[in-house]
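What follows is a short report on a single structure.
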Amino acid sequence: MSEEPRVAIVTGAARGIGAATARRLAADGMAVAVVDIEEAATKETVDAIAAAGGRSLGVGADVSDREQVEAAVERIAAELGAPTVLVNNAGVLRDNLLFKMTSADWDTVMGVHLRGAFLFSQAAQKHMVERKWGRIVNLSSTSALGNRGQANYAAAKAGLQGFTKTLAIELGPFGVTVNAVAPGFIVTDMTAATAARIKVDFDDFQKHAAAEIPVRRPGRPEDVAHTISFLASEGAGFVSGQVIYVAGGPRD
């Protein structure tokens with residue numbers, strides 16, 4: 001690590017993968033900005049980091065709104081320090097079959113996943129470029145390979161992979177690496193919502209998923225957080241433009 005603690009931004013960090021990632025990066029010695037749509041929602045994650053002896057800041061921002069994103073990054077830089085680690089994790093689901101999907105369903109998912117990653121990366125990269133060091137990790141998904149009822153989500157997650165590879169090319173000369181993590185079945189509120197949508201008991205949903213996963217268990221948010229921790233580390237400086245599937249088995 002550098003002499004000064006790194007400052008990380010994790011979006012969608014009130015719960016699930018984002019919360020686990022924020023806690024892990026704090027345990028790695030980073031000061032962490034815990035970002036979510038409502039600042040009040042970040043309290044549990046912020047308190048957990050504080051209880052473990054870490055330093056964090058809860059920030060409310062709509063990741064799809066440029067003014068809110070820029071204001072959030074400015075506040076983080078002023079109160080925690082210049083951010084040089086960014087985890088674009090914020091996400092929403094608006095699942096439906098193509099013929100039922102509304103334009104609003106499409107636009108909301110694109111706005112949060114793709115536009116949100118674009119806006120936060122654009123706002124944060126200047127701090128990284130100035131310091132000739134940075135790490136950006138985007139959350140993709142195995143759904144990027146296609147998933148029934150998720151045309152919007154799959155397209156957004158596939159788009160994030162192209163976005164990741166392009167940023168890796170553009171920012172690499174400035175000491176900034178950009179990678180994506182693509183989780184498989186992870187036990188979160190979002191997967192619980194999917195089970196509810198298709199009217200399947202969540203315990204049964206997990207058992208069915210585990211039977212199809214080579215390691216024979218569903219993933220946990222911490223599984224993803226461990227991988228992000230590596231990609232955000234000093235030691236991952238020669239890993240860039242990659243999509244790592246955290247799915248308990250191989251993916252195409």
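Some points to look at:
- Semi-axes of the equivalent ellipsoid of the chain are 28, 19, 19 Å, computed as sqrt(5λ) over the eigenvalues of the C-alpha gyration tensor in descending order.
- A simple packing score, the average count of other Cβ atoms within 10 Å per residue, orders the peptides 204-215, 101-112, 31-42, 16-27 as 16-27, 31-42, 101-112, 204-215, with the highest score first.
- Positive contributions from Lys and Arg (+1) and negative ones from Asp and Glu (-1), summed over other residues with Cβ under 15 Å from the Cβ of Val85, come out at +4.
- Residue-normalised accessible area of the chain, expressed per residue, 1.4 Å probe, Å²: 46
- Cα-based shape type of region 189-231, given that a ≥ b ≥ c are square roots of the gyration tensor eigenvalues and the cut on a/c is 1.5: oblate
- Apportionment of accessible area to carbon and sulfur, the chain, percent (1.4 Å): 53
- Cα gyration tensor shape for region 115-238, rounded if a/c is under 1.5, else prolate or oblate: prolate
- Whether region 53-179 is rounded, prolate or oblate, judged on the alpha carbon gyration tensor where a/c under 1.5 counts as rounded: prolate
- Averaged over residues, the count of other Cβ atoms within 10 Å places the peptides 4-14, 232-242, 54-64 in the sequence 4-14, 54-64, 232-242, highest first.
The values are calculated or read from the model by the stated rules, or taken from the named source; none is laboratory data. The shown structure was predicted, so the numbers you read here are calculated from the model rather than taken from an experiment. Using ideal geometry, Cβ is built from the backbone for each residue, glycine included, and neighbour counts are taken over all protein chains shown. Ligands, DNA and RNA are stripped out before the accessible areas are found, and what is left, the full protein with its side chains, is counted by its heavy atoms. Shrake-Rupley method; radii C 1.70, N 1.55, O 1.52, S 1.80 Å.
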